[in-house]
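Right, one structure below, let's go through it.
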Amino acid sequence: MIYSGSVVYVEPENCGTAKETLKKYEQIEVFAVSDDRKQIVIAIETEGDRELEDLCRELKEYDEILEIAHHIFHFEDEVEEILQGRKVPSLDGFSKSSRKKDFNG
Amino acid sequence: MAKKVMVFVIMMMLLAFAGAYAKGKSVHPEKMGSQDCMECHADVTPEIAQQWEHSAHGFVGVKCQVCHGDEKNFVKTPTNDTCQGCHALQVDNNTSPATSCATCHKAHNFTIHKAHDYNPTDVK
Amino acid sequence: MMNITRRNFIKASVATAAAASIGLSVTPEAEAVQAVDKWVKGACRFCGTGCGVYVGVKGGKVVAIKGNPDAKTNFGFLCVKGFLAYKCMYHPDRLKAPMIRQKDGKFKTVSWDQALDYVADKFKYFHGKYGKDSVAYYGSGQCMTEESYTFNKLFKGGFGSNMVEGNPRLCMASAVGGYMSTFGSDEPVGSYADIEKSKCLFLVGSNTSECHPIIFRRIMRHKMQNPDVKIIVCEPRKTSTTKIADLWLPVDPGTDLAVFHAMAKYILDNNLHDEKFILENTRITNGKDVTDIAGYKEFLKDFTPEKVEKLTRCPAENIKKAAEWFAKSGASMSLWTMGLNQRTRGVWANNLIHNLHLITGQLFKPGADSFSLTGQPNACGGVRETGSLCHLLPGTKPVNNDAWRAHIEKEWGIPSGTIDPKPGFHTMLMFDKFGAENDASKPIKAVITSTTNPAQSLPNLNKYIKGMQDGFLVAIDIFPTRTTQLADVVLPAAFIYEKGGVYGCSERRSQLTEKCVEPVGQAKADIWIAAQIAKRMGLEKLIPWNTDDVMKNNEMAWTEYIRVTKDTDHTLFGAPYSRMKKEKAGIQWPCPSTDHPGTDKRYMKGMDPMFEHEAFKKKFGINVPADREYYFYMDGKKEGKANIFLRPYAGPAESPDADYPFYLTTGRVIEQWHTGTMTMRIPEIARAHPNGYLEIHPDDAKKYGIKAGDMVEVASKRGKSVLPAHIVNGTLPGVLFVPWHDQAMDRMINFVCNDAVDEGSKEPEFKIAAVRIKKISGPKNVAEKYIISDINSKYS
């Protein structure tokens, strides 16, 4: 499990829509909205890093969401799993070809 | 020291790659035919099957399909509406209703009797 | 914050940190999502546990169900059936209109008026030509109390006929016989609440984990939290119930009477009995003569654990250990179901369990009780308490009791002598005597069934199908079943949440279900159907609750019922609808007045209100001596004592022999219920048990060359079934098991079951048949989730 404390940046007029969009995801919990309605504080909980990255990529596709910034990660479970040898960190994505693929779209 | 390395690896991964999965309705990855869940899952997910067997849900026969449905109405992570069926009070009292119960309460190995380290008996 | 879990905590903390970094403070937003318009209080539709539920209604449809956390039965928990199977109410197969079978054998949809007129005319005709007893009612422990009461009144008070039976005869009659003969009055002394206080649980003839999962949950939890609590399971099968057991007493089917006697002998021989309790509160008797402890010991002298081991295959050491735990635990509770009841010695088996409690004084104290679990949600409340069986009247009092008959006649406002003092036919006899109009050997010409499926659930079906086919059969149900295939008229019934009413569960607790939604199609509540038939037969005054407001009808019937039984030991006079609507957990009788909380333990001074109930004592001539702490006030001998019965050993009606070398026993599985008409229509449930099967021990399988999945014929003297083999270690070698929910003709195991009945309770011996087996073929896919969908399909 990886937990991320993140801030979602939005245009004030899209704040409500964005909040609704975020709430549709069971991995996301909305905690607070700034007074200027430009920032939404959320906690994201995912099984692993890959899922987190996928989720953020998907979120950014929404028009109402401008950007997501992760401010803090909590991943002691993940570390524990790796240390115990129950999980082997995946290194896909590091290869040249996949990086190329990612950057090209 | 080792921990730090792993943290670094994870951070690298977070920054470096991305996949291309679309989020959607959960889909059971296999056709189930006329089989019961456990007929396959005892083999394909033996740990989960065993955890379940020794859990409170296992003892009282709350089987896979009760929470996960079957291939027609499959849910990967049961929603709180599912849990509410039996644990209405707990769902009502949930301090964080937007969070799925299953996030913390791993239904497959949740037992009320951990303290006693109880195992199913094989009575003679 | 209290209940905050580690993960919530982490999430809250990461969010707070993120917020802090942009200069915000965090207050969690909680928006409850209301998925339903309203939650309506009710009871679960399935087993006899009596789980409290809330039914979620949205847009006039039932869309959700959840356990009622305030319920004293389930504390909010539901099993797989309770949780999923209510959904069957919207299955497309629901019967939506009345239908009459035509000459070509096909059903024709008719109006309610046509159907009811037709039924009433037929009944009138049979009554006129063949007498009052030519028309019978066969009801169910799943009908609402108000419905059973109404049909019972219509037949006994209206027609003057005691041809009133119900499927509790097939399931609880022996428990009734056991309670009545031992304690003088039906139903348990204590409550489920004893489970959590018990120190030793004796589960006998009950696969609690699959058949009463929510009771089992309580037992499991109690055991887990108190590992010193001893759990003893006495069963021919090592069922999933034994997962939490400390001791298994394997016994050959039908031989456990000897085990119970051996336990009693061990207790007496080792001075583990409670002599004071025995002397003050019991009478040791063989039914005729009274004897003493020495006489009891003499009677038991042959039942040494070692001899009994030879007879029953139950290890002597296990018997001794069980007896020791039972007697010494400080609080022992027995729980049983069909394994004791569905036997030709069902009443005796019940008596012998009561004996163990009486000799050790394991009654009355918290956690000690001799407790029969019911199989159906309203066998106790609806059928036993309203007396909807051929030998009973409301209040579970015998129809041949002159004073009580006179009382009921007066209460019902019918002329003295209307009610027949002679009991009608018990279920097996009723169906034996049901047949064609021109068949002189079949005096019953018409039967109306409600909420039950005898064409699949009777034992030895071959013997009874023709009668149902030839006679005039009216079936009230919600789905096409094996019974509707034989019926002449099919009347579509409302589902429990479409009509409401009271259910009374195993622990003497009655709970009101409110009507939640309108019935589908033209379906109607059974109480309305009964009242409409009454009206057409000129008995409108007797059954005046014939309005279109079903809850009003229910309330009128209930109000009368609690008035009629006001001065009985089963009184619910303190539980009118106005109170039942408010009570979140229902009420346990006796409850004589609206300010009485209901009764947890009976026959106990300070707990049981009947000790001070003057009208009750006067009516039944009871005088409770001031010095008696416990008093079995319904004791026929007026001594306030319970009977310790010296019942001789008797095996089953049919034991294996050279031709039929195996025992066959049948039962339920957790997902399916009874004949599967509801549960098999729920895909997730059906998947778990899509067909019947034969459980066989590996040694037996090997001997017959049977491999897993092979198709095996199981045959008794009466009939046969062909089922796929499940090879399991859990059953004793020589004992076979088949669940009975499958509707497919080949796998309807009740063709094989024995219809020999207990001479006291008239309950048939479903649980034991001698059979032979034969491998028919290799594996075949029979996981077809077979259901009868076509109302015009044939019984084949």
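The values are calculated or read from the model by the stated rules, or taken from the named source; none is laboratory data. Since the model is a prediction, treat every value here as computed from it, not as a measurement. Don't worry about glycine lacking a Cβ; one is built from the backbone with ideal geometry, like all the others, and counts go over all protein chains shown.
Scan A:87, A:24, A:60 and give me the residue that is of a type in the set (Lys, Arg), farther than 18 Å from residue C:16 by Cα and at pLDDT below 85.
A:87
Suppose the filter is under 30 Å from residue C:491 (Cα atoms), of a type in the set (Lys, Arg), modelled with pLDDT of 95 or more and part of a loop (DSSP other than H, G, I, E, B); does residue C:762 pass it? In short, yes. For beta carbons closer than 6 Å, sequence separation of 6+ or different chains, a first residue in segment C:471-492 that is under 18 Å from residue C:142 (Cα atoms) and a second that is acidic (Asp, Glu) and crowded, with 24+ Cβ neighbours inside 10 Å, the qualifying pairs are C:476/C:526. Is there a residue in segment C:500-514 that is out of contact with any strand residue (DSSP E or B) (no Cβ under 8 Å at 6 or more places or on another chain) and surrounded by fewer than 24 Cβ atoms within 10 Å (Cβ to Cβ)? No, segment C:500-514 has no match at all. In this structure, is residue C:44 buried (at least 24 other Cβ atoms within 10 Å of the Cβ) and either closer than 19 Å to residue B:66 by Cβ or free of Cβ contacts under 8 Å to residues at least 24 places away in the same chain (or both)? Yes: the conditions hold for residue C:44. The set of residues in segment B:86-99 that are polar (S, T, N, Q) and within 7 Å of chain C (Cβ to nearest Cβ) comprises B:93, B:95, B:96, B:99.
Scan segment C:48-61 and tell me whether some residue there is within 14 Å of chain B (Cβ to nearest Cβ) and either in contact with a His (Cβ under 8 Å, 6 or more places away or on another chain) or part of a helix (DSSP H, G or I) (or both). Yes - at least one qualifying residue is present in segment C:48-61. If the condition is being part of a helix (DSSP H, G or I), in contact (Cβ under 8 Å) with a residue 24 or more places away in the chain and not small (Gly, Ala, Ser), then segment C:505-554 contributes C:526, C:527, C:528, C:529, C:532, C:533, C:536, C:550, C:551, C:553, C:554. Which residue is surrounded by the most Cβ atoms within 10 Å (Cβ to Cβ), if the candidates are limited to segment C:284-321 and must be touching a residue at least 60 places away in the same chain (Cβ under 8 Å) and polar (S, T, N, Q)? Checked segment C:284-321; the qualifying residue surrounded by the most Cβ atoms within 10 Å (Cβ to Cβ) is C:312.
Can you tell me which residue within segment B:30-85, out of those that are of a type in the set (Lys, Arg) and in contact (Cβ under 8 Å) with a residue 40 or more places away in the chain, is nearest to the other protein chains (Cβ to nearest Cβ)? My answer is B:76. Taking the residues in segment C:240-249 that are surrounded by fewer than 24 Cβ atoms within 10 Å (Cβ to Cβ) and more than 18 Å from residue C:327 (Cα to Cα) as candidates, determine which candidate is nearest to the other protein chains (Cβ to nearest Cβ). Applying the filter and picking the extreme gives C:243.
Within segment C:741-781, the set of residues being farther than 18 Å from residue C:431 by Cα and small (Gly, Ala, Ser) comprises C:744, C:760, C:769, C:770, C:777, C:778. The set of residues in segment A:37-69 being surrounded by fewer than 17 Cβ atoms within 10 Å (Cβ to Cβ) and assigned to a strand (DSSP E or B) consists of A:67, A:69.
So, of the residues in segment C:62-78 that are assigned to a strand (DSSP E or B) and more than 9 Å from chain B (Cβ to nearest Cβ), which turns out to be farthest from the chain's Cα centre (by Cα)?
C:63
Taking segment C:363-377, which residues are touching a residue at least 60 places away in the same chain (Cβ under 8 Å) and farther than 25 Å from residue C:145 by Cβ?
Selection gives C:363, C:364, C:366, C:367, C:368.
Against the criterion of being hydrophobic (A, V, I, L, M, F, W, C) and assigned to a loop (DSSP other than H, G, I, E, B), residue C:314 qualifies. Taking (1) in a helix (DSSP H, G or I); (2) more than 14 Å from chain B (Cβ to nearest Cβ); (3) in contact with a Cys (Cβ under 9 Å, 6 or more places away or on another chain); (4) not small (Gly, Ala, Ser) in turn, residue C:81 satisfies each apart from (2). Every listed requirement among (1) without any contact (Cβ under 8 Å) to a residue 60 or more places away in the chain; (2) within 19 Å of residue C:11 (Cα to Cα); (3) within 13 Å of chain C (Cβ to nearest Cβ) is met by residue A:74 save one, (1).
Filtered by the rule that a residue be more than 14 Å from chain B (Cβ to nearest Cβ) and small (Gly, Ala, Ser), segment C:745-796 gives C:756, C:760, C:761, C:769, C:770, C:777, C:778, C:789, C:793, C:796.
Listed by first and then second residue, the pairs linking a residue in segment B:94-119 that is at pLDDT 75 or above to a residue that is among the basic types (Lys, Arg), with Cβ atoms under 8 Å apart and 6 or more places separating them unless they lie on different chains, are B:96/C:11; B:98/A:23; B:99/C:7; B:99/C:11; B:103/C:7; B:104/C:6; B:104/C:7. A Cβ distance below 9 Å, combined with a sequence gap of six or more or placement on separate chains, defines the contacts here; from segment C:129-143, residues that are at pLDDT below 95 reach no residue that is basic (Lys, Arg).
When the residues of segment C:693-735 are narrowed to those that are polar (S, T, N, Q) and either part of a strand (DSSP E or B) or at pLDDT below 95 (or both), which ends up farthest from residue C:661 (Cα to Cα)? Looking at residues that are polar (S, T, N, Q) and either part of a strand (DSSP E or B) or at pLDDT below 95 (or both), I get C:729. Checking each residue in segment B:60-93 for being assigned to a helix (DSSP H, G or I) and under 26 Å from residue B:31 (Cβ atoms) picks out B:64, B:65, B:66, B:67, B:68, B:82.
The rows are residues; the columns are (1) over 29 Å from residue C:521 (Cβ atoms); (2) touching a Leu at 6+ places or on another chain (Cβ under 7 Å); (3) in a strand (DSSP E or B); (4) modelled with pLDDT of 95 or more.
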| site | (1), (2), (3), (4) |
| --- | --- |
| C:423 | yes, no, no, yes |
| C:436 | yes, no, no, yes |
| C:448 | no, no, yes, yes |
| C:456 | no, no, no, yes |
| C:459 | yes, no, no, yes |
| C:466 | yes, no, no, yes |
| C:482 | no, no, no, yes |
| C:486 | no, yes, no, yes |
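Looking at segment C:99-163, the strands (runs of 3 or more DSSP E) lying wholly inside it that each contain 3 or more residues that are within 22 Å of residue C:420 (Cβ to Cβ) sit at C:135-139.
For residue C:280, the conditions (1) under 30 Å from residue C:587 (Cβ atoms); (2) surrounded by fewer than 19 Cβ atoms within 10 Å (Cβ to Cβ); (3) touching a Phe, Trp or Tyr at 6+ places or on another chain (Cβ under 8 Å) all hold with the exception of (1).
Here is a yes/no grid of residues against (1) touching a Pro at 6+ places or on another chain (Cβ under 6 Å); (2) surrounded by 15 or more Cβ atoms within 10 Å (Cβ to Cβ); (3) among the aliphatic types (A, V, I, L, M):
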residue	(1), (2), (3)
C:618	no, no, no
C:636	no, no, no
C:642	no, yes, yes
C:650	no, yes, yes
C:653	no, yes, yes
C:657	no, no, no
C:676	no, yes, no
C:680	no, yes, yes
C:700	yes, yes, no
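The set of residues from segment C:197-230 being among the hydrophobic types (A, V, I, L, M, F, W, C) and either more than 23 Å from the chain's Cα centre (by Cα) or more than 9 Å from every other protein chain (Cβ to nearest Cβ) (or both) comprises C:200, C:201, C:202, C:203, C:204, C:211, C:215, C:219, C:224, C:229.
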